[in-house]
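Engineer: The following block contains the structure, expressed as structure tokens.
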Amino acid sequence: MSKRRRSPKEIDTRSPAEVHRRLSSRWALLAMLLLALAAVVGSQWYYSRIQQRPLALWGKAPATAIVKSPVAVALLLGKARQPSKAGTIETIHMGKTQIGVIDRRMVANAPGFSHLRASLVNEASFDWEAPTDNCEPNWEYGLEFSVGDGNNTLLLFAPNCRQVQLPQSGATATLRTMDGIVKFMHEQFGEPNADPKEKRKD
């Protein structure tokens, strides 16, 4: 039986060099896709690693609110023992301690806030070895995060001790530095000793 002769259309007229180039292009594309996938997986692993201890400190729901809440409010605080003199607009109750809220600012879209909120769930931001019971905190500022379900997450900041606290659970930690947070709050409310006329107005 004679073999069927292939028609000209069935004959591969590509040169070996051209075949090699096409195969090389396909392998290069596959390698790029694999590298992109590896980068995504590596990035997810990295961020889960640097957020592991902060997630354990704050809890999953508060940590999620800190990072993703569309509404964030900065609070200027003061002791509420003399509310009329302090101009307190509301009061935060922490056991036997009362802290007055003197002023509030919407800050979700404020310059530098995205970096600030990310730092609060970054393991490197905290001094994990520092004790939290050897300093009397003076809570000067707060950040309130809302995701719209009525369960707001509140963080309080005491620059004198470099401490941050989640009052709803009592979780407290020491930050390596409070400079960035203090600078951000000064941008919102003005510096404590500044002329009131020079402080930011809505």
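The values are calculated or read from the model by the stated rules, or taken from the named source; none is laboratory data. All values reported here derive from a predicted model rather than from experimental measurement. FYI the Cβ positions are ideal-geometry reconstructions off the backbone, even for glycines, and counts take in every protein chain you see. Please note that ligands, DNA and RNA were not included when accessible areas were found on the heavy atoms of the full protein model with its side chains. Shrake-Rupley method; radii C 1.70, N 1.55, O 1.52, S 1.80 Å.
Engineer: Report the calculated FRET efficiency for Ala118 and Met32 (r = Cβ-Cβ distance, R0 = 25 Å), to the nearest 0.05.
Structural biologist: 0.30
Engineer: Let me ask you something else. With every protein chain left in place, what is the accessible area of Phe113 in Å² (1.4 Å probe, nearest 10)?
Structural biologist: For Phe113, the solvent-accessible surface is approximately 0 Å².
Engineer: What are the residues whose amide H is under 5 Å from the amide H of Val71, where those residues sit 5 or more places off or on another chain and H is modelled from the backbone?
Structural biologist: Ser146
Engineer: From the phi angles alone, apply the Karplus equation (6.51, -1.76, 1.60; θ = phi - 60°) to segment 141-154 and give each ³J(HN,Hα) in whole Hz, x where the residue is Gly or Pro.
Structural biologist: Rounded to whole hertz, the list is 9, x, 10, 10, 10, 10, 9, x, 9, x, 9, 6, 10, 10.
Engineer: Name the residues whose placed amide hydrogens come within less than 5 Å of the amide hydrogen of Gly190, ignoring near sequence neighbours (fewer than 5 apart) on the same chain.
Structural biologist: Arg200
Engineer: What percent of all Cα-Cα pairs in segment 95-198 falls in each 5 Å bin, counting up from 0?
Structural biologist: Taking every Cα pair in segment 95-198, the percentages come to 2, 10, 21, 25, 21, 13, 6, 1, 0.
Engineer: For Asp103, what residues show an amide H to amide H distance below 5 Å, using hydrogens built from the backbone and excluding near sequence neighbours?
Structural biologist: Excluding prolines and chain starts, which carry no amide H, the hits are Leu76.
Engineer: Spin-label point model (7 Å from Cα, Cβ direction): what's the Lys68 to Met106 distance in nm?
Structural biologist: 2.2 nm
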